[in-house]
1. Filter region 1-58 for residues that are assigned to a helix (DSSP H, G or I), hydroxyl-bearing (S, T, Y) and free of Cβ contacts under 8 Å to residues at least 24 places away in the same chain and give the result.
2. Residues of region 45-103 being β-branched (V, I, T) and more than 20 Å from F26 (Cβ to Cβ), which ones?
3. Taking the condition surrounded by 15 or more Cβ atoms within 10 Å (Cβ to Cβ) and among the acidic types (D, E), does E17 pass?
4. With respect to I32, is the statement that it is at pLDDT below 95 and under 27 Å from E88 (Cα atoms) true?
5. Can you name every residue in region 78-105 that is modelled with pLDDT under 90 and of a type in the set (F, W, Y)?
6. Take the residues in region 20-55 that are among the β-branched types (V, I, T) and within 16 Å of the chain's Cα centre (by Cα), then tell me which one is surrounded by the most Cβ atoms within 10 Å (Cβ to Cβ).
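The values are calculated or read from the model by the stated rules, or taken from the named source; none is laboratory data. In this text, all values refer to a predicted model and were calculated from it rather than measured experimentally. All Cβ positions, glycine included, derive from the backbone under ideal geometry; neighbour counts span all protein chains shown.
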Amino acid sequence: AFLSAKAYEVVSEILDEMIDYTQYHFGFEHEIFEKYSYPDYEEHKTVHESFVMKTIEFKQKIAAGEKTVTYDIMIFLRDWLIEHIQGEDTKYVAYFKEQEIDEFL
């Protein structure tokens, strides 16, 4: 089913909030990674940047009236939660535990 114009507006607003929050959150992570010389920092930062760019791309698709974008967003976020948070983020948690750094764990 296709969403109404109002629903697309709400999704766009949610994406704006998600961009704002992730930039704040990613910035915090990046500071910690630099401070403690996390070895995969650059790779992790690149993945974060691609997340923000993909979210901006979704906003552009909504503005262009693409009807399948909400499904694409759902799949993207599902994959992000599984692959990034449960995969990549657990790597830095393990690294900081191994280094006995508990500033933000």
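1. Y21, Y24, Y41, T46, S50
2. I62, T68, V69, T70, I75
3. no
4. Spelling it out, I32 is indeed at pLDDT below 95 and under 27 Å from E88 (Cα atoms).
5. Within region 78-105, F104 is the sole residue that qualifies.
6. The qualifying residue surrounded by the most Cβ atoms within 10 Å (Cβ to Cβ) is T55.
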